[in-house]
Amino acid sequence: MKKALLSFFLVFFLIASFGCSSDDDDDVSTDTDERSEVVSNALVDIPSSLSSSSSSSATASLYSTSARVLSTAPTTEDQPVWAVYEGIRQNVGAMEAWASTINTFTKVIYGVIGRVESGDWTNSSPGTGEPSRIVWGPDTVNGYDSKMELYFDDQKGFEAYLTVNETEQTAKGIYTWDFSIATDSNDPSNDAKIQFIFDSTATSGTKQMAIKVQNMNGDSSSGPENAWIKVTQSTDNVITLWGNYYFPALDWFSDATDDTAEARNYVFAATGFDEQGQSDDKKNMAILQLALPPSDSTADDYWTSESVSAIFVEKLKEVWDATGLSVSNIAFWTGIDLSGVSAITDLTYAQVIEILEWARNNSSSTGASELSKLIHVTKMVNPAYFDSDGFAGTCYDPDDDGTCDQGTATDVPSGFDDLDIDAVASDVVTPATVKSLSVDFL
């Protein structure tokens, strides 16, 4: 998914276009002014516990590579779990890359318009991918100070709304691209619509960034189509972040059940302390939850029922049932007391976990070695924990006694008690909202 997002970062063709306007207009200043710095400071710095970016800075170079060594799984069997959560960190890193792009792009905008209140520049001979017209002026409709629009063959392909308060050192803005009009020269088939929103004007001092993407995967049905990501950073150094991706045809399984592709969302919510933190033991750590609910869901009760582990456990029961296994077969094979259960579909989540754990501990038994390979799925539970070294592990502690009944950790990691992941999880927009997401100009 990070690759899908990064393909949309190719907006620097606009820089060359803006350069043309500054050559033709004596009133345009190319000097970077304080407004750009105010916007830069309005963007959120995501802690490296949650992001694969090495710098965790919104001003980092977009194309810089991370020198950071990602966390390593303690055992080979835990490696698939680690890989999933490192993938989330890389995806969050795309948010930082967007912040860097916005930072650069804002400097370009002010380099073009300078302090001139309004303007209307026509490019008499636009090259491939260059705007034919650039218009800017006061915004009297949407609550911002100013706006800028780029036209391609008389169609608007980009707009930016901005408010910058140099006295208060705050800024807010909405930048929107329509790549079906503003052609991506590296991918002419790209017809995505993208909106980046940032705001540091809240009286509480909290910064906020968000990205909305529509049609991010073009004609392909295998990848995510729409996405919505949001991150906040408070003055007491707490980060909240969530992401929600819509997959129209997530084809996970190929098995005896004649499984077909499903419309599901890939949803994660996280909260943590930023790298400055509140103290030595309350910085650069985070808690994350991950779920994959059906895309028509309109509520947020899926964090348990549609967690990765829960989905795969339900799928495993479906496979067992389809291949002709019975409860009595499994009870005889494993020696586990399954009295009171009449059908495979009636097995509880805990009972399936017990069967998988038996297979792991008795791998020399017939068929157990194959089944034991699925044990890593049961470790992909909520919540997951991160620290300055990366992914620290998962832990399911239903008794709240500090001991993990499932996961990659044995004990609940300390130091996370003041982080409220449930509040962030309840803030995530519903899967149905992202499924029908429409990104439009204001």
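The values are calculated or read from the model by the stated rules, or taken from the named source; none is laboratory data. Since the structure is predicted, the reported quantities are computational estimates derived from the model, not experimental observations. Heads up, the Cβs are rebuilt from the backbone with ideal geometry, glycines too, and the neighbour counts pull from every protein chain shown. All accessible areas refer to the heavy atoms of the entire protein, side chains included, with ligands and DNA or RNA removed. Shrake-Rupley method; radii C 1.70, N 1.55, O 1.52, S 1.80 Å.
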(request) Would you mind finding the one in 57, 71 that is modelled with pLDDT under 80, assigned to a loop (DSSP other than H, G, I, E, B) and more than 17 Å from residue 385 (Cβ to Cβ)? (result) 57
(request) Go through segment 276-305 and give me each residue that's open to solvent by 40 Å² or more (accessible area, probe 1.4 Å), part of a loop (DSSP other than H, G, I, E, B) and not small (Gly, Ala, Ser). (result) 276, 278, 280, 281, 283, 296, 298, 300, 301
(request) For residues that are under 30 Å from residue 205 (Cα atoms) and free of Cβ contacts under 8 Å to residues at least 60 places away in the same chain, tally how many sit in segment 117-146. (result) 10
(message) Taking the conditions exactly as written (more than 21 Å from residue 379 (Cα to Cα) and open to solvent by 50 Å² or more (accessible area, probe 1.4 Å)), does residue 324 satisfy them or not?
(response) yes
(request) Among the helices (runs of 4 or more DSSP H) lying completely within segment 330-442, list those that include at least 2 residues that are out of contact with any strand residue (DSSP E or B) (no Cβ under 9 Å at 6 or more places or on another chain) and either at pLDDT below 90 or open to solvent by 20 Å² or more (accessible area, probe 1.4 Å) (or both). (result) 349-361, 368-372
